[in-house]
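The values are calculated or read from the model by the stated rules, or taken from the named source; none is laboratory data. This is a predicted model, so every value here is computed, not measured. Because the Cβ atoms are built from the backbone with ideal geometry, glycine has one as well, and the counts that use them run over all protein chains shown. These accessible areas exclude ligands, DNA and RNA; they are computed on the full protein's heavy atoms, side chains included. Shrake-Rupley method; radii C 1.70, N 1.55, O 1.52, S 1.80 Å.
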Amino acid sequence: MTQQGAILQGYNNELVKCIEDLCMQKEELNKQIQQAEEEKNKLQHEIQVLSEQLECVCENLAQKVASRNELDKILAETEAAYMKILDSSRTLLNVLKKEVGSLKHSPDLKTK
């Protein structure tokens, strides 16, 4: 009977050791889970901050693009108006040259 008691005691010791090993594995796994949750929360916070920054940059970019488009429109209109002024100036110059040319050939100017 003592031999059976020793065997039973051996099984009991082995069982207790296995349970202790499982408890240590569980504790280690709990630590890893807690670290992973902390990392997840940190990353989610960073994502939120970056999302807010991205939204601000996108709004700023949209405003700048709208301003640039408005400036492009104003510049195009100004250039078109300036080209009309140049064309009118060229026309005026040509008319003036013709008038001066015809005055030079005028008999009134030759006699004076």
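Confirm whether GLU27 is at pLDDT 95 or above, assigned to a helix (DSSP H, G or I) and over 24 Å from the mean Cα position of the chain (by Cα). Here the answer is yes, as GLU27 does meet what is asked.
When GLU38 is tested against the conditions (1) of a type in the set (Asp, Glu); (2) open to solvent by less than 100 Å² (accessible area, probe 1.4 Å); (3) under 39 Å from the mean Cα position of the chain (by Cα), the lone failure is (2).
Being part of a helix (DSSP H, G or I), out of contact with any His (no Cβ under 8 Å at 6 or more places or on another chain) and open to solvent by 100 Å² or more (accessible area, probe 1.4 Å) is true of LEU71.
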